[in-house]
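Have a look at the structure below, then the notes.
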Amino acid sequence: MSHDRLAAIGHYTFTNQTAVITGGGRGFGFEVAHALAASGANVVIGEVNEELGHEAVRQLADEGTTARFVPTDVRDPRQVDSLAAAAVNEFGAIDLWLNNAGISLHGPSETLPVESWQKSIDIMLSGTFWGCQAASRSMLEHGSGTIVNMASVNGLLAQAGRAAYCAAKAGVIRLTEVLASEWGPRGVRVNAIAPAVFMTELAQQSLNDGSATLDVYLERSPLGRLGELNELVNTVLFALSDKAAHLNGNTLRVDGGWLSDHYL
Amino acid sequence: MPEQPQTLDGQVAIVVNACCEFSQPVTTGLIEAGARVALVDLFPGAATQVAAEIGVTDDVAGFVTGSTEIEVDKTFRSIEKRLGAPTILVTLPADPILVATERLTSTDVAEIVQTEVVRSFLWSSAFSSELPKNTSGAVVHVTGLCSLGGWPGWLPHTVAFSAVHAMVHALAVEWGHRGIRVNSLVPGMTAALAEQFAASDKLATHRKMKSILARIPTRELMPYSALIDALLYLLDPCSSFVNGEILKVDGGWGIWGRLEAQA
């Protein structure tokens, strides 16, 4: 993210707080890692692609911030536990956790391969649960912490050809609410984010594989445009910050009005 | 009130309903974020009194308005003349009037709908009509926790706030392409609201103050600062893709299924 885009993000500070981001090696996850590091946080990146993970740390180092990389496949709860353990071992506690790892495997439901369904659920729903569970061990012990789970407008509105993605994201939203009600009394807040279409790698994949077209996206958006990544990063930072201290169990929409539009 | 970054520097904000418990903290929060505020109320002197209590005379002015379209338009023009073109509109809820449903009259319901729904619509309409071309605007309608579901004795407010939320969705879709974002804030349980709950024994004998806290997953009442922070998030230019949001600042009240035994 350029310095201009960093300046466009709202004013949040995370000085000396430890933040873990899954899927933080590239795209949106990396942008959040960058913004958190620039805001004073100790950042630990979990990423399944080792090359991307190392590159992310190098880029942050070039900008004068530090981050740690832990190879992590969120489908494996032991690897997610290791990610959390690494953060605790180095920084003492986990304050912030962003479950961002995701995948885009779309297709007609009647022919959707078992592998596509399973991988989508394993990464986005189960992976989010393993991340929340791993984060909770540190956070509940200390009586404080904030978790943000990346959902989607697809978790609230159906889209044909996205059975696995929609089911996973809808599950993430309800999971967020259960954990918010369970852990709220113990000092841990859990919220979700529901973005509409931002030009991320996942969105580009959808355009490339023909499951979506840009014109359709633009026409569908009440603001007449796609979202810009700094707009999404801003909402994530707000949800993680103490300015959202009384928000719990919310699914914050960053959709330009997408979910409000039930017209033609 | 914690110091706020100057994200609204130079903007003119209208805050409707000075008699609300939130009017002073909301107005103060907007001023601290750099805005100049026109505080509006139906009752003569109400807005000027709150403005005087805030004490920053250059950045806040009180206005009295009426409840018709003509009166709202007239007040809007007075605000424009005195402070400049508003680019922010915040409407606040009126104090609730609790009446057992079996005793509700059509007049009771109509009055609350007029106060919450029609008023919010008239001010939104005036704001949209007068917003200068090629200028972005932001509208936030603050409603109430009873909008999330059934509260015995609160039927007209539940209905009215739900209607305001539907209006938020409609306006977000219609005005988005013009650069006007429309969102809503649902405040959580405050100390004042909790006292009303505890006092209204005839309506809900099983709701006492202790039970109220147990009802909130974070086990805390909502401080005004939480509402202000959420409001400033919605109004922040960095939130330029947030539109049609109904943002709950409720500690989790709205999502909890309440199947566990209360403390």
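Looking only at the stretch B:2-15, filter to residues that are closer than 14 Å to B:A138 by Cα and either facing chain A (nearest Cβ under 10 Å) or at pLDDT 95 or above (or both); which one of those is surrounded by the fewest Cβ atoms within 10 Å (Cβ to Cβ)?
Per the criteria, the residue is B:T7.
Tell me, please, whether a residue that is buried (at least 22 other Cβ atoms within 10 Å of the Cβ), facing chain A (nearest Cβ under 9 Å) and hydroxyl-bearing (S, T, Y) can be found in the stretch B:230-248.
yes
Would you confirm, using the coordinates I've provided, whether B:I88 is open to solvent by 50 Å² or more (accessible area, probe 1.4 Å), closer than 26 Å to B:I112 by Cα, at pLDDT 90 or above and among the aliphatic types (A, V, I, L, M)?
No; evaluated as a whole, the condition is false for this residue.
So which residues in the stretch A:185-230 are touching a Gly at 6+ places or on another chain (Cβ under 6 Å) and at positive phi?
If the condition is that a residue be touching a Gly at 6+ places or on another chain (Cβ under 6 Å) and at positive phi, then A:G187 is the only one that fits.
Just name the residue that is farthest from B:I212 (Cα to Cα) out of those in the stretch A:141-164 that are away from every other protein chain (no Cβ under 14 Å) and open to solvent by 30 Å² or more (accessible area, probe 1.4 Å).
Among those residues, the one meeting the criterion is A:A160.
Out of the residues in the stretch A:201-229 that are open to solvent by less than 20 Å² (accessible area, probe 1.4 Å) and either closer than 30 Å to B:I212 by Cβ or more than 9 Å from chain B (Cβ to nearest Cβ) (or both), which is modelled with the highest pLDDT?
A:Y217
Taking the condition among the hydroxyl-bearing types (S, T, Y) and either surrounded by 24 or more Cβ atoms within 10 Å (Cβ to Cβ) or within 22 Å of the chain's Cα centre (by Cα) (or both), does A:Y263 pass?
no
When you check A:T235 against the structure, is it in contact with a strand residue (DSSP E or B) (Cβ under 6 Å, 6 or more places away or on another chain) and either of a type in the set (S, T, Y) or at the interface with chain B (Cβ under 7 Å from one of its Cβ atoms) (or both), yes or no?
Against the criterion (in contact with a strand residue (DSSP E or B) (Cβ under 6 Å, 6 or more places away or on another chain) and either of a type in the set (S, T, Y) or at the interface with chain B (Cβ under 7 Å from one of its Cβ atoms) (or both)), A:T235 qualifies.
For A:N248, are the conditions met, namely being open to solvent by less than 30 Å² (accessible area, probe 1.4 Å), touching a strand residue (DSSP E or B) at 6+ places or on another chain (Cβ under 6 Å) and within 9 Å of chain B (Cβ to nearest Cβ)?
yes
When you scan the stretch A:177-200, do you find a residue that is open to solvent by less than 10 Å² (accessible area, probe 1.4 Å) and part of a loop (DSSP other than H, G, I, E, B), even just one?
Looking for residues that are open to solvent by less than 10 Å² (accessible area, probe 1.4 Å) and part of a loop (DSSP other than H, G, I, E, B), one finds none in the stretch A:177-200, hence no.
If you scan the stretch B:91-127, which residues turn out to be among the aliphatic types (A, V, I, L, M), open to solvent by 20 Å² or more (accessible area, probe 1.4 Å) and in contact with a Ser or Thr (Cβ under 7 Å, 6 or more places away or on another chain)?
B:A94, B:L98
Out of A:N149, A:N89, A:N154, A:N100, which single residue is closer than 26 Å to A:N234 by Cα and without any contact (Cβ under 8 Å) to a residue 40 or more places away in the chain?
Checking each option against the conditions leaves just A:N154.
Tell me, which strands (runs of 3 or more DSSP E) wholly within the stretch A:12-108 include 1 or more residues that are in contact with a helix residue (DSSP H, G or I) (Cβ under 7 Å, 6 or more places away or on another chain) and open to solvent by 20 Å² or more (accessible area, probe 1.4 Å)?
In the stretch A:12-108, A:42-47, A:67-71 are the strands (runs of 3 or more DSSP E) which contain 1 or more residues that are in contact with a helix residue (DSSP H, G or I) (Cβ under 7 Å, 6 or more places away or on another chain) and open to solvent by 20 Å² or more (accessible area, probe 1.4 Å).
Just the residues that are at the interface with chain A (Cβ under 7 Å from one of its Cβ atoms) and either surrounded by 21 or more Cβ atoms within 10 Å (Cβ to Cβ) or touching a Cys at 6+ places or on another chain (Cβ under 6 Å) (or both), please, taken from the stretch B:214-229.
B:P217, B:T218, B:M222, B:A226, B:D229
Just name the residue that is nearest to B:T101 (Cα to Cα) out of those in the stretch B:128-152 that are out of contact with any His (no Cβ under 9 Å at 6 or more places or on another chain) and crowded, with 23+ Cβ neighbours inside 10 Å.
B:L145
Taking only the stretch B:16-27 into account, find how many residues are surrounded by 22 or more Cβ atoms within 10 Å (Cβ to Cβ), more than 20 Å from B:V72 (Cβ to Cβ) and not hydrophobic (A, V, I, L, M, F, W, C).
Looking only at that region, the number is 0.
Of all residues in the stretch B:134-173, count the ones that are assigned to a helix (DSSP H, G or I) and touching a helix residue (DSSP H, G or I) at 6+ places or on another chain (Cβ under 9 Å).
22
Tell me, please, whether a residue that is open to solvent by less than 20 Å² (accessible area, probe 1.4 Å), touching a His at 6+ places or on another chain (Cβ under 9 Å) and outside any loop (DSSP other than H, G, I, E, B) can be found in the stretch B:201-212.
So far as the stretch B:201-212 goes, no, none of its residues is open to solvent by less than 20 Å² (accessible area, probe 1.4 Å), touching a His at 6+ places or on another chain (Cβ under 9 Å) and outside any loop (DSSP other than H, G, I, E, B).
The values are calculated or read from the model by the stated rules, or taken from the named source; none is laboratory data. The model shown is predicted, which means the values in this text are computed figures rather than measured ones. Using ideal geometry, Cβ is built from the backbone for each residue, glycine included, and neighbour counts are taken over all protein chains shown. All accessible areas refer to the heavy atoms of the entire protein, side chains included, with ligands and DNA or RNA removed. Shrake-Rupley method; radii C 1.70, N 1.55, O 1.52, S 1.80 Å.
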